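S.K.: This structure is in structure tokens; I'll ask about it shortly.
The values are calculated or read from the model by the stated rules, or taken from the named source; none is laboratory data. Fair warning: this is a prediction, and the values are worked out from it, not measured in the lab. Positions of Cβ are generated from backbone atoms using ideal geometry, with glycine treated the same way; all protein chains shown enter the neighbour counts. Note: areas computed on protein heavy atoms with side chains; ligands, DNA, RNA excluded. Shrake-Rupley method; radii C 1.70, N 1.55, O 1.52, S 1.80 Å.
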Amino acid sequence: MAVSAAIGISACTGEAPEKVDTSPLSTAYAPPFICNYVPKAAVEQITGVREPLVKGSLNLAAKDRPAIGACSVFQNGGEKLSILRIMLDTAGSRGQIDEQLRDGSKPLPSVVPDGFGYYVTDPNVKTRVGSVLVRGKVRLGIELVLGVEGRDNEADVVALMKLIAPKLIMGTGTPPPETKD
């Protein structure tokens, strides 16, 4: 009887509700990558969007340039809303992190040696989480603009930071497949 009631409800709405993947973010740093150094599987898991549209690139420091870049991930249908942003620049300072922590942001766990960071959830939109990590002047920011309802979006952003920061901030990332060294 309960099964037939569930089937009847699904039939009335036209679609069965999609099951939310609540498993922890994968810790595998493996291709394919988006924006050169971000595992696509991790992005799909925290955004809930398969085959997202991506714009931008992230670049490790080289002799003639600092580590810089921006990566934006968009939904792949209907309105092209940004759902994830990753920024890498050289405008960081320990003071910025300390100020955010005084204002109530949560400290990031240790991610890279001599790195300091925070994460914070938007009090008005629980699926919106931001995080910043600074080491020296290099700053890596992640903004999950639209996380998945039912996932632990804070844990996702912290896990993504742990996954990509060592490659981007420490400069230990492997060159993207298109790059010849």
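S.K.: With θ set to phi - 60°, apply the Karplus curve 6.51 cos²θ - 1.76 cosθ + 1.60 along the range 150-167 and write out the HN-Hα couplings as whole Hz, x wherever there is a Gly or Pro.
M.R.: x, 9, 8, 5, 4, 4, 4, 5, 5, 5, 5, 4, 4, 6, 9, 4, x, 6
S.K.: Go through LEU60, LEU146 and list them by solvent-accessible area, largest first, probe radius 1.4 Å.
M.R.: LEU146, LEU60
S.K.: Now a separate question. For ALA61, list long-range residues whose amide hydrogen, built 1.01 Å from N in the peptide plane, is under 5 Å from its own amide hydrogen.
M.R.: Hits under the 5 Å cutoff: ALA67.
S.K.: Here's something else I'd like to know. Over 24 Å between Cα atoms: which of LYS19/LYS162; LYS19/LYS167; LYS63/LYS167; LYS19/LYS55; LYS126/LYS162 fall into that group?
M.R.: Going by Cα-Cα distance, LYS19/LYS162; LYS19/LYS167; LYS19/LYS55 fall outside the 24 Å limit.
S.K.: Just to make sure I understand: if all protein chains stay in place, what is the order of THR22, THR90, THR27, THR121 by accessible area at 1.4 Å, largest first?
M.R.: From most exposed to least exposed: THR27, THR22, THR90, THR121.
S.K.: Say each of SER110 and ASP89 gets a label point 7 Å from the Cα, pointing the same way as Cα to Cβ; how far apart are those two points in nm?
M.R.: 3.0
S.K.: Using the heavy atoms of the protein chains and a 1.4 angstrom probe, tell me the accessible area per residue for the range 45-108 in square angstrom.
M.R.: Result: 57 Å² of accessible area for each residue.
S.K.: For the range 51-152, what does the convex hull of the Cα positions come to per residue, in cubic angstrom?
M.R.: 123
S.K.: Within the accessible area of the range 46-181, what % is carbon and sulfur when the probe is 1.4 Å and the other protein chains stay in place?
M.R.: 52
S.K.: May I pose another question? At what distance in angstrom do the alpha carbon centres of the range 66-114 and the range 131-145 lie from each other?
M.R.: If we compute the Cα centre of each part, the gap is 4 Å.
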